[in-house]
1. Going highest first, how would you order 134-144, 213-223, 267-277 by mean Cβ packing within 10 Å?
2. Quick one: Cα centre-to-centre distance for the range 118-181 and the range 26-80, in angstrom?
3. Find the accessible area per residue for the chain; the probe is 1.4 Å, ligands and nucleic acids are left out, and the unit is Å².
4. Considering only the other residues whose Cβ falls under 12 Å of the Cβ of V62, what net charge follows from Lys and Arg at +1 and Asp and Glu at -1?
5. To test your reading of the geometry: what angle, between 0 and 90 degrees and rounded to tens, separates the Cα axis of helix 316-326 from the longest principal axis of the chain?
6. For the ranges 299-307, 246-254, what's the packing order if you count other beta-carbon atoms within 10 Å of each residue, average per peptide, and put the highest first?
7. If I take the Cα coordinates of the range 5-125 and project them onto the principal axes, what are the three extents in Å, biggest first?
8. For the full complex of protein chains and a 1.4 angstrom probe, list M344, M1 by accessible area with the highest value first.
Amino acid sequence: MLRVAQVAPTIFPVPPQDHGGTERVIHDLSVALVDMGVHVTLFAPSDSATNVTRVGLLPSLVSLEQTYGTVPPSIPAVLEAARMEDLRLRLDQFDIVHCHGEFFHAALLGERRRHSLTTIHWRVDELDRKLFFQTFPDLPVAAISASQGSELPASNLAGTVLHGIEKNRYGFSAGPGSHLAFVGRMTDQKRPDVAIRVAAAAGRAIRLAGTVDVGNPTYFERHVRPLLSDRAVYVGPVGDRAKGELLGSAEALLFPVDWPEPFGLVMIEAMACGTPVVAWDRGSVREVVEDGITGFVVRSEAEAVEALGKIGTIDRAGVRRRFEERFTSQRMAADYVALYAQLMET
């Protein structure tokens with residue numbers, strides 16, 4: 001039996017409660033691997049609620065902040081050190097170590113790097129990642145899109161595995177409501193303000209959900225709140241059930257990203273509901289949204305308004321069908337198992 005360690009970051013529990021796309025992917029991958037007969041050990045915070053075999057005595061950073069309020073800035077480093085110690089003590093128990101955090105595991109793995117895999121759930125074109133790959137050219141990395149992979153050194157790129165989610169988490173909704181949806185962090189990378197302007201220009205109401213970005217806390221107050229009204233309503237963070245209701249009842253999801261998006265999980269969450277996506281042509285968007293089939297890929301607010309004018313031409317049942325064909329956790333797990341097999345041959 002294949003033995004795999006899934007090593008999660010320390011910020012959120014696995015699976016997450018409201019926010020945490022990385023942790024959602026890790027959990028869905030772990031469950032799908034177990035269903036395939038893989039022996040999975042999940043290294044994750046103690047407040048994680050999962051049936052997957054788990055290791056980790058310390059809670060998530062979010063849990064500590066909820067308990068103690070402001071925590072010392074050294075706490076993330078302490079949590080990461082504890083996670084690496086948990087892994088170090090058990091390294092010989094695994095055929096493959098699959099890490100979803102960044103940086104520190106590469107040094108710990110040493111000669112085991114060739115039988116490891118790293119998935120980075122963020123952009124990889126900035127200086128910290130460039131220095132990291134320069135230091136560890138033998139660390140195998142799985143890109144989450146071809147767009148992200150194009151920024152990885154050839155020596156690191158082990159393959160590309162697009163994200164997937166549990167097939168039945170979100171149900172299909174055949175009849176759209178009269179509103180648009182935006183789900184994402186309230187930050188300049190995701191541009192909820194653009195979504196509000198597009199909705200207004202298209203004569204649609206919009207409901208927005210997501211957390212205020214802790215790394216950019218003033219953005220919401222300066223750029224989003226002034227645009228809110230009875231036609232543009234912010235509902236705050238949402239869990240799976242509320243997210244499914246929001247997306248499933250929407251005419252379309254607006255995804256006006258303004259950065260090199262490495263994947264964009266909410267796009268496939270919308271597709272799972274049968275809801276088409278109007279997304280800006282950045283990063284991985286064209287790999288996820290099939291223009292004219294599961295939504296429209298646009299380059300400006302004007303093009304987005306035009307796309308909304310023909311959103312009724314998209315077959316919602318076809319959107320759900322393409323989700324099932326391309327973006328389930330079962331497909332993701334099968335792709336990763338194939339990649340694990342390649343690594344074990346080295």
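The values are calculated or read from the model by the stated rules, or taken from the named source; none is laboratory data. None of these values were measured; they are calculated from a predicted model. Note that we place each Cβ from the backbone using ideal geometry, even for glycine, and neighbour counts take in every protein chain shown. Accessible surface is based on the protein model in full, side chains and every heavy atom, while ligands, DNA and RNA are left aside. Shrake-Rupley method; radii C 1.70, N 1.55, O 1.52, S 1.80 Å.
1. 267-277, 134-144, 213-223
2. Taking the Cα centre of the range 26-80 as reference, the centre of the range 118-181 is 20 Å away.
3. Details: 14530 Å² over 346 residues.
So the chain comes to 42 Å² accessible per residue, rounded to a whole number.
4. Taking every Cβ under 12 Å from that of V62, the sum is -4.
5. Computed tilt is about 10 degrees.
6. Ranking, from highest mean packing down: 246-254, 299-307.
7. Largest first, the range 5-125 extends 40, 32, 31 Å along its Cα principal axes.
8. Numbers: M344 85, M1 160 Å².
Highest to lowest solvent-accessible surface, that is M1, M344.
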